[in-house]
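Q: The following block contains the structure, expressed as structure tokens.
The numbers here are math on the coordinates, done by the rules we state, and not lab data. A quick note: this is a predicted structure, and the numbers were derived from the prediction, not measured. As a convention, Cβ positions derive from the backbone with ideal geometry for all residues, glycine included, and neighbour counts pool all protein chains shown.
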Amino acid sequence: MWKVRAIRGATTASENTVDSITLVVTELLDTLEHHNQLESDDIISVIFTVTKDLDALYPASIARERLNWSNIPLLDVQQMYVECSLDHCIRVLLYVNTPKNQNQIHHTYLRGARVLRPDLDLDLSQMELQRG
């Protein structure tokens, strides 16, 4: 039976530039799509949050350029500021239709964002091996 599920992810940009943000958002979305076997038609909507130190580019503008993502509702918001929180952080929440159980969903935390959820740490070298 198909259900609506939420998939979480986060990453960090090395700097507040279009190139840096584009690189890490693309990497994050590629990883989430790959590990969850997502098709664009299964994605209901996507919410991005960014820390206040990232303002060079909207992450949704990067997502909108992906193949078959132009009609997916996308939203960018600023992450609530908390003193001593992770800088240059981009978080994403995807709502998807899927037959998978909640325990089959792969949440992805990359780069500096791995500290947010070390229990979900994904070794990128292992990911490359799995892709073959």
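Q: Can you tell me the FRET efficiency between residue 55 and residue 97 if r is taken as the Cβ-Cβ distance and R0 is 30 Å, rounded to the nearest 0.05?
A: 0.40
Q: Further question on the same structure: I'd like the chymotrypsin sites (Phe, Trp or Tyr not before Pro) in the range 33-115 restricted to DSSP loop residues with at most 12 other Cβ atoms within 10 Å, sorted by number.
A: Passing both the DSSP loop test and the Cβ count: 81.
Q: Kindly write out, for the range 102-117 in residue order, the coupling ³J(HN,Hα) from the Karplus curve 6.51 cos²θ - 1.76 cosθ + 1.60 (θ = phi - 60°), rounded to whole Hz, with x marking Gly and Pro.
A: Here the 3J(HN,Hα) series is 4, 6, 9, 7, 9, 8, 10, 10, 10, 6, x, 6, 4, 5, 5, 9 Hz.
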